[in-house]
Amino acid sequence: MSDKLTKKDIGYRVTELRKRKGLSQDDLAKKVHISRSSLTQIELGNRGVDVLELHKLSLQLGFSLDEFLSPDFDLNPDFVEEENALLEKKERISVPKLHVEKFINVLLYLLERCAGKPNVGETVLYKLLYFSDFNYYELYEEHLTGAQYRKLPFGPVPQKLDNLIQQMIEKKQLQRVKSVYRGFPQTRYLPLVKADLKVLKASEAEVMDRVIEQMSDWSASAISEYSHKDMPWLASKDGDIINYELAFYREAPFSVRNYGEEAEAP
């Protein structure tokens, strides 16, 4: 591979050619037999491309290897499909859908292990939920609770959960407690029942355990500040729902997946 091109140069060229072919990341990844998250890392310039992968990309995106590796490679005229066709093809995203039973048991699981800690008020709890959900999605490309999170001033906040939490309180699964912590008002939730572990996979519990171990002792301000540096937060507009797909654009220390060692899909 040419020394004149960096991984970011190659990633940019692959991204532009893919978009001009009207292909989603998922489409192209399947065609070249790599995972979609590996392609994401290639496009970001975080992962190298071997000769075989580059050859497969050239066949799907219609470029000559010599031209592609040239410093004066022209991304413009010869690789553009009809404008209307490109406008009709959109990137496919995974739309989360709240799994009520799973959310209830994830919440209870987190609270069983953290509710006794005086720092774990509503703000910290919401961030533990956020990192559990987004870490699980990055690792397994499946939703844990399916909760949606909105970008708000103090970090990502799960949406449309007030009624569900109120129902849990009425069913005596949770208790809401108002208190003061370090001079600030705090809303805490105490679990009154245990999580049903039959509803949780071992992989889900493992992801939550790692989040708990890493962050459950942090203050509300520390965990909020940390969430503001996570790529899904950074790439979202104020007030918008945060797209789970942005988890694949994370870098250290937020990324929980080892993209460099990922094997090709069969």
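The values are calculated or read from the model by the stated rules, or taken from the named source; none is laboratory data. These figures come from a predicted structure and were not determined experimentally. Please note: Cβ atoms are built from the backbone with ideal geometry, for glycine as well, and neighbour counts cover all protein chains shown. Quick note on the areas: whole protein, heavy atoms, side chains included, nothing else; ligands and nucleic acids left out. Shrake-Rupley method; radii C 1.70, N 1.55, O 1.52, S 1.80 Å.
Does the stretch 61-71 contain any residue that is in contact with a helix residue (DSSP H, G or I) (Cβ under 7 Å, 6 or more places away or on another chain), surrounded by 17 or more Cβ atoms within 10 Å (Cβ to Cβ), modelled with pLDDT of 85 or more and more than 30 Å from LEU164 (Cβ to Cβ)? Yes - at least one qualifying residue is present in the stretch 61-71.
I'd like to check something: does the stretch 26-48 contain any residue that is farther than 30 Å from ARG210 by Cα, part of a helix (DSSP H, G or I), of a type in the set (Gly, Ala, Ser) and at pLDDT 85 or above?
no
Within the stretch 130-180, the only residue that satisfies the criterion of being open to solvent by 10 Å² or more (accessible area, probe 1.4 Å), of a type in the set (Val, Ile, Thr) and under 19 Å from the mean Cα position of the chain (by Cα) is VAL157.
At least 1 residues being surrounded by fewer than 18 Cβ atoms within 10 Å (Cβ to Cβ) and modelled with pLDDT of 95 or more is the threshold, and among the helices (runs of 4 or more DSSP H) wholly inside the stretch 193-266 those reaching it are 202-215, 220-227. Close contacts from the stretch 134-156, counting a first residue that is without any contact (Cβ under 8 Å) to a residue 12 or more places away in the chain and a second that is of a type in the set (Val, Ile, Thr) and open to solvent by 10 Å² or more (accessible area, probe 1.4 Å), with Cβ to Cβ under 7 Å and a gap of 6+ residues or different chains, come to none at all. LEU111 - would you say it is over 30 Å from THR15 (Cα atoms), buried (at least 18 other Cβ atoms within 10 Å of the Cβ) and at pLDDT 50 or above? Yes, satisfied. Going by the conditions given, is LYS172 at positive phi and either touching a strand residue (DSSP E or B) at 6+ places or on another chain (Cβ under 6 Å) or not in a helix (DSSP H, G or I) (or both)? Here the answer is yes, as LYS172 does meet what is asked.
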